[in-house]
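Down below is the structure, laid out as structure tokens.
The values are calculated or read from the model by the stated rules, or taken from the named source; none is laboratory data. Please read these numbers as outputs of a predicted model, since none were measured by experiment. Note that each Cβ is placed from the backbone with ideal geometry, even for glycine, and that neighbours are counted across all protein chains shown. For accessibility, only protein heavy atoms count, side chains too; no ligands or nucleic acids. Shrake-Rupley method; radii C 1.70, N 1.55, O 1.52, S 1.80 Å.
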Amino acid sequence: MKRHLISAADLTRDDALLVLDTAEEMARVADRPIKKLPTLRGRTVVNLFFEDSTRTRISFEAAAKRLSADVINFSAKGSSVSKGESLKDTALTLEAMGADAVVIRHHASGAPHRLATSGWIGGSVVNAGDGTHEHPTQALLDAFTMRRHLAGAPDGGPTYHREPGDGTGRDLAGRRITIVGDVLHSRVARSNVHLLNTLGAEITLVAPPTLLPIGVETWPCEVSYDLDPILAKTDAVMMLRVQSERMNAAFFPTEREYARRYGLDGARMAALPGHAIVMHPGPMNRGMEITAEVADSGRCTVVEQVANGVSVRMAVLYLLLGGNEPAITTARTQENNDR
Amino acid sequence: MTKILIRGAKVLGGEPQDVLIDSETIASVGSVPDAAGATVVEAEGKILLPGLVDLHTHLREPGREDSETVLTGTRAAAAGGYTAVHAMANTFPVADTAGVVEQVWRLGRESGYCDVQPVGAVTVGLEGKQLAELGAMAESAAAVRVFSDDGKCVDDAVIMRRALEYVKAFDGVVAQHAQEPRLTEGAQMNEGLVSGELGLRGWPAVAEESIIARDVLLAAHVGSRVHICHLSTAGSVELVRWAKSKGWNVTAEVTPHHLLLTDELVRSYNPVYKVNPPLRTEADVMALREALADGTIDCVATDHAPHPHEDKDCEWAAAAMGMIGLETALSVVQHTMVDTGLLDWAGVADRMSFRPAVIGRLHGHGRPVAAGEPANLTLVDPQYRGVVNPVGFASRSRNTPYEGIELPGRVTATFLRGKATVMDGKLA
């Protein structure tokens, strides 16, 4: 693994599998009565959030705390950032406080890249979502969730909505993933296309032409303007959040037209194969890209994705900060030595 | 009376000749065996060009003296081989009155390094609503002939039409910054494959081309001349080529950076590459070079845009647009046009001195290297190879995209009306 996690494109297949397999180990910790490992004791993780994001921030916070790291939450609201302090000065301040890792969420695409390459700080940088660029830990937790459902059975096949299995060591070769919605403005879509392609999945993006970036035809995926013909050939469908403000910039005519053409309702869900799952990065716009019927169904993994997010972020922080030995074995060895 | 003998220089890249300067004028060109009392400049192997003329410079004074002043900017211009620069109007206050343009013009004369020809704003405050007093600026001591809202597009078709018509009264020209504003709201870089991957808001080529198409048609309709600033796309080249084929009075410029750099550099998210119009694709770069070679594009203009360090030492979206260029322009042109065989040195003289002076209606600049002409001259060592190090720049700002890059050629001497502003590669 590199020192930073900025883009899902930075992960090789081996890197990605290492993160996912480590996350499986981390997930087992969550099943213990005491959900804590001593691995990052004495290390400091800063959550640097320039944009509101409750769920991503608390997910990283929970992950760092379960690894026994000290966590500092730095939010742009109510801090000197709102008084016009530059990203550089904020970074220098965090460096002076001894941050070992900075988890950054920023409204400007490329801000984490700048933080990692400018020499302003010496610690690891984890991109927790930058503008309309990337959100690599979201892609990792999505892949983790897909792997448990689509490759988690003992034979490596799908689990048909029974308990998600353990996909350790497996990739997503040949799995058909459909991502629907505002690809143009979606950092989740960009990171997922990179990572899922690395893991061997076959990706289809579905969106109105206005919500696809120029040049999407060169991405390693298929593109469709029409959702219905794709559903029967889908193992997992990921519904992206569509902000209704986009309507004002003429990306689509009305919320109702969007929901009719690209929303996932019960009828469309019924067209999916029996083993297929429905995913959403949250927060959902019920009635817009997804109906309540689908969101509350047993095929929807949105809550599970949140839980998996903690495991995946534990794995990322551990691998960036903790070193080369397996997290849990190290902890057990430590326990043995103490005994 | 001071005499300077430039010995053995290849005038416009031709056969070696001796050029004798007497006071402010070129006294003779040819073989000058002996000139008693003259300072001799040995110029064997060097190229002698007419002093370079820039149609597009941001000197920032008045208002942003933290990034550049008329003095530091004209020193940078002299170091780059320029003897005349056109100072753009987007200062604070805006150069939209006779008072401001006369102030800038006077500061240029006081600097003594390079003539400063102010550009007047087309509209009051660059706001695109009401014509500025173009006639007052034309009749002022600054004798403004080029008018531009550069930095902003004159996007209202009626205002543009009226401006084009009005400046005919004093042989002026409107220099258009072609950028359709609605298509470029929040734009951060060229719209294309790279912007899609990087998640940066795109600045599509059509936003430049649609305005150029409109403006060449307007210029033809009202019989005026229009100049297109910093052409950056292959499509823009096609439109200008078409307009010229119709015989319309259209001229165009290209910046050095659009002749060399592409949007692939933005993958670094380093704001030194953030500029307006944005860096385009390799295909655009090649089309621009070809168009400069065949004359479709009339001239090279730097769009020298100084910014203080803090405006570039930040995340991409927060950074200012623009790059400095006066001190590297000739090297980039040699690298992209001369060393590639697209243009000879006579062509360089044409695109960097003769033609911009004609477009700007300058007197005493862009003249042939011949007896009786004003001694505005630039001596270049084309054999030189060096890595660009902005620490030594005369400009007050350091936002160059060429730091650490090896470029050919160096200005070893610049003469402004017979006075050496640069000698032995150093500012006088």
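Rounded, prolate or oblate for the stretch B:52-359? Axes are the square roots of the Cα gyration tensor eigenvalues, ordered a ≥ b ≥ c, and the cut-off for rounded is a/c under 1.5. Since a/c stays below 1.5, the shape of the stretch B:52-359 is classed as rounded. Loop-located GluC sites (Glu not before Pro) across the stretch B:1-103 with a Cβ neighbour count of 16 or fewer within 10 Å are B:Glu24, B:Glu44, B:Glu65, with loop assigned by DSSP.
Counting only DSSP beta bridges with both residues in the stretch A:161-262, the antiparallel share comes to about 0 percent. Taking every C-alpha pair closer than 8 Å and separated by at least 6 residues, the mean separation divided by the residue count of the stretch A:136-304 gives a relative contact order of 21 percent.
The slack between A:Thr210 and A:Ser118, meaning 0.36 nm per residue of separation minus the straight C-alpha distance, is 29.7 nm.
Applying 1/(1 + (r/R0)^6) with R0 = 25 Å to the Cβ-Cβ distance of B:Asp294 and B:Arg385, what FRET efficiency is obtained, to the nearest 0.05?
Details: r = 28 Å, r/R0 = 1.13.
With a Förster radius of 25 Å, E is 0.35.
Just the protein heavy atoms count here, and of the accessible area of the protein assembly as shown at 1.4 Å, carbon and sulfur take up 50 percent. From its DSSP helices (H runs of at least four residues, each -39,500 (n - 2.57)), chain B gives a residue-normalised ellipticity at 222 nm of -7000 deg cm²/dmol.
Take the Cα of A:Thr54, step 7 Å toward its Cβ, do the same at A:Asn248, and the gap between the two points is 2.3 nm.
Against the longest alpha carbon principal axis of chain B, how many degrees, from 0 to 90 and to the nearest 10, is the axis of helix B:157-166 turned? Helix B:157-166 sits roughly 30 degrees off the main axis of chain B.
Label point of B:His221 set 7 angstrom out along Cα-Cβ; within the stretch B:245-279, no amide nitrogen lies under 12 Å from it. What shape does the stretch A:162-266 take by its C-alpha gyration tensor, where a ≥ b ≥ c are the square roots of the eigenvalues and a/c under 1.5 counts as rounded, a/b above b/c as prolate, and the rest as oblate? It comes out prolate by the Cα gyration axes.
For the stretch B:52-359, what's the relative contact order in percent, using C-alpha pairs closer than 8 Å and at least 6 residues apart? Mind dumping the intermediate values first?
Numbers: 673 pairs, mean separation 50.8, N = 308.
Computed value for the stretch B:52-359: 16 percent relative contact order.
Report the trypsin sites (Lys or Arg not before Pro) located in the stretch A:158-233 that are in a DSSP loop and have at most 16 other Cβ atoms inside 10 Å of their Cβ, or state none.
On the way: sites: A:Arg162, A:Arg170, A:Arg175, A:Arg176, A:Arg187, A:Arg190, A:Lys233; in loops: A:Arg162, A:Arg170, A:Arg175, A:Lys233.
Listed in order of number, the matching sites are A:Arg162, A:Lys233.
Count charges around B:Glu102 for me, please; just the other residues with Cβ under 15 Å from its Cβ, Lys/Arg as +1, Asp/Glu as -1. Here the charged neighbours net out to -3. What the Cβ-Cβ distance of B:Ser268 and A:His107 gives, at R0 = 30 Å and to the nearest 0.05, is a FRET efficiency of 0.90. For the stretch B:124-181, trypsin sites (Lys or Arg not before Pro) meeting the loop criterion (DSSP other than H, G, I, E, B) and having at most 10 other Cβ atoms within 10 Å: B:Lys129.
Measure out, as a whole number of angstrom, how far apart the alpha-carbon centroids of the stretch A:284-298 and the stretch B:259-280 sit. The distance from the Cα centre of the stretch A:284-298 to that of the stretch B:259-280 comes to 42 Å.
Angle between the Cα long axis of helix B:70-79 and the longest principal axis of chain B, 0 to 90 degrees, nearest 10? With both axes taken from Cα atoms, the answer is about 60 degrees.
Leaving ligands and nucleic acids aside, the A/B contact buries around 1500 square angstrom of accessible area in total at a 1.4 Å probe radius.
Let me know the shape class of chain A, please: from the alpha-carbon gyration tensor, a ≥ b ≥ c as square roots of the eigenvalues, rounded when a/c is under 1.5, otherwise prolate if a/b is greater than b/c, or oblate. Could the numbers behind the result be given before it?
Numbers: a/c = 1.97, a/b = 1.27, b/c = 1.55.
Cα axes put chain A in the oblate bin.
Rounded to the nearest 20, the size of the Cβ-charge dipole of the protein assembly as shown about its Cα centre is 1160 debye, with Lys and Arg at +1 and Asp and Glu at -1. Working from label points 7 Å from Cα in the Cα-to-Cβ sense, the B:Asp156 to B:His363 distance is 3.5 nm. Inter-label distance, B:Ser31 to B:Glu310: 6.3 nm, where each label sits 7 Å from its Cα along the C-beta direction.
Put +1 on the Cβ of every Lys and Arg and -1 on every Asp and Glu Cβ in the stretch A:191-293; which of A:Leu272, A:Phe251, A:Ala236 then has its Cα farthest towards the positive end of the dipole? Going by the charge dipole, the pick is A:Phe251.
How high is the relative contact order of chain A, given as a whole-number percent (alpha carbon pairs under 8 Å, six or more residues apart)?
Working: 658 pairs, mean separation 68.7, N = 339.
20 percent.
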